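Q: First the structure, which I've put down as structure tokens, then a few questions once you've had a look.
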Amino acid sequence: MPLQTVNGRACRWAGASVKVLKMISVDEAQRMILDRVPVLPTEIVALSETTGRILRQDIYADMDMPPFDRARMDGYALRAADLAIVPARLRVLGQLAAGQQFDGQVGPGQAVRIMTGAPVPDGADAVQKVEATATDQQTVTIYESVKVGQFITPRGSEATRGQHLIAAGQRITPADIAVMATFGYAQVRVSQSLTVNVLSTGNELVEVNQTPSIAQIRNSNGYALRSYLDQLGARSSFLGIVPDDEELILQRIKAALPQCDVLILSGGVSMGDYDLVKHALRRLGADIVFDRVCIHPGKPTVFALLEHKPVFALPGNPVSVAVTFLNFVYPALNKMMGARDIFLPSFRAILEADAKHAPDRRSYLPGRLTSREGQLTVAPLRWGGSSDLIAFRHANALIIVPEGLSLIQAGQLCHTILIPHMSWASAAAKESQPIR
């Protein structure tokens, strides 16, 4: 197919019929992506290998927990009625440690020395902590009375046999692993690992270990994308920088695709003479689902299917990469891995200063979200636009200014989405309800 050239580089379609796609809303783009990405198959792996993976089976208790009435304190198992008047002197029948059983029964005027975690012997209905006692070889004196059930965790109070404990679709945490180990899940069904290849495009880019010329910058997008992917639990590879040459871009896409489930590119998707990614994708036979979204920053975002695999071509500016990844790639990959909650948490917060932008697109502005006395507040950050990665580093949330609205005034509620894996996020989430 004939091509035009600029400075000897193949760069534009000539004489070809190219489908013109309309600009779509953020919601439409998300829906179109999620309608088209597949859900990965499952595999069974050892429990020790499941941290961060997406659980693809429901987890049930195979026994009561605790499986017996369990002592919560080191002390003495006894009958509460024997301490109606204190101090009371009781005969000690023996000693019981965690993992041991007591064959006899505690009767009136009797007690058993018991350790935390041990099963409460028959006949006893309370435990008194050792600090409230004095003992000799055969007897113990109890100085404080107790109520029935005191310092005892009843059988089945934490979980009962057959109880549903963890739903499929959760990202597995260390706490989940502890639960699964408790109930005998030595192997667990999870989503197969998701593999993602990352390419950066642009003549202006050099690698991190190189010194850029006056017209160049070091590549940050490849590293940022891999970091996001690591947080998601995906296996990623950065395949380097491709110059603005359509033939080279085409070759690198073609070589990268068989090795991955998803391909992500950054740069080369706008309308300039050297924005060649869409042309390369079309020549490879890709179905370009959309190529412009009503979002700021990140308007020239491309989503395509090539050989039935999702391809995301994101803008080149680093903040645009972050915003489009979080809004489009993040939920898509979560769906592919079988996650139940695919979008980032979203909250209402009170603006600390005016948030404004051009009303023609939905804007995602970097902000700093905090919680004060149970109320979420968010402060817009001063930033220089979609290339200002220095300012964006301080953001832990994105403030949403909807289409058609140029200003949200200080003191008003606004919608925010959390930038993932911030240390404060779990605390903030406890104090406010998500809106998504």
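Q: Could you order Arg283, Arg382 so the one with the most accessible surface comes first? Probe is 1.4 Å.
A: Descending order: Arg382, Arg283.
Q: Ok, one more. Based on the Kirkwood radius over alpha-carbon pairs, what is the Stokes-Einstein translational diffusion coefficient of the chain at 10 °C with 1.306 mPa s viscosity, in µm²/s?
A: After rounding, the answer is 61 µm²/s.
Q: What do you get for the angle between helix 246-256 and the principal long axis of the chain? Use alpha-carbon atoms, 0 to 90 degrees, nearest ten.
A: With both axes taken from Cα atoms, the answer is about 30 degrees.
Q: Still on this model: Compute, for Arg372, the solvent-accessible surface of its heavy atoms (probe 1.4 Å) with the complete set of protein chains present, and express it in square angstrom to the nearest 10.
A: Number for this one is 130 Å².
Q: Further question: Quick one: 3J(HN,Hα) in Hz for segment 49-61, Karplus 6.51/-1.76/1.60 with θ = phi - 60°, rounded, Gly and Pro as x.
A: Listing the rounded values in order: 9, 9, 4, x, 7, 8, 5, 10, 9, 7, 10, 10, 6 Hz.
Q: I want the local charge near Pro38. Using Cβ-Cβ distances under 13 Å, sum +1 for each Lys or Arg and -1 for each Asp or Glu among the other residues.
A: Neighbourhood net charge equals 0.
Q: Helix 26-36 against the longest principal axis of the chain: what's the angle in degrees, Cα atoms only, rounded to the nearest 10?
A: Between helix and principal axis, roughly 80 degrees.
Q: Right, another one. Once each part is reduced to its C-alpha centroid, what is the distance from segment 294-324 to segment 28-62 in angstrom?
A: 24 Å
Q: Counting only residues 5 or more places away or on other chains, whose amide H sits under 5 Å from the amide H of Asp125 once H atoms are built in the peptide plane?
A: The answer is Leu78, Arg79, Ala80.
Q: So what is log10(I(q)/I(0)) for segment 134-276 at q = 0.10, 0.12, 0.16 1/Å, when the Debye sum runs over its Cα atoms only?
A: The Debye formula, applied to the Cα set alone, gives -0.60, -0.72, -0.95.
Q: Can you give the charge dipole size of the chain about its Cα centre, rounded to the nearest 20 debye, using +1 on the beta carbon of Lys and Arg and -1 on the beta carbon of Asp and Glu?
A: 680 debye
Q: Follow-up question, since we're still on this one. Can you tell me which aspartates and glutamates have their Cα less than 17 Å from the Cα of Lys356? Leave out same-chain residues fewer than eight positions away.
A: Glu403
Q: Given the protein chains as shown and a 1.4 Å probe, how many square angstrom of Tyr143 are accessible, to the nearest 10?
A: Approximately 120 Å² of Tyr143 is accessible to the 1.4 Å probe.
The values are calculated or read from the model by the stated rules, or taken from the named source; none is laboratory data. None of these values were measured; they are calculated from a predicted model. All Cβ positions, even for glycine, are placed from backbone atoms using ideal geometry, and neighbour counts span all protein chains on display. With ligands, DNA and RNA removed, areas are computed over all heavy atoms of the protein, side chains included. Shrake-Rupley method; radii C 1.70, N 1.55, O 1.52, S 1.80 Å.
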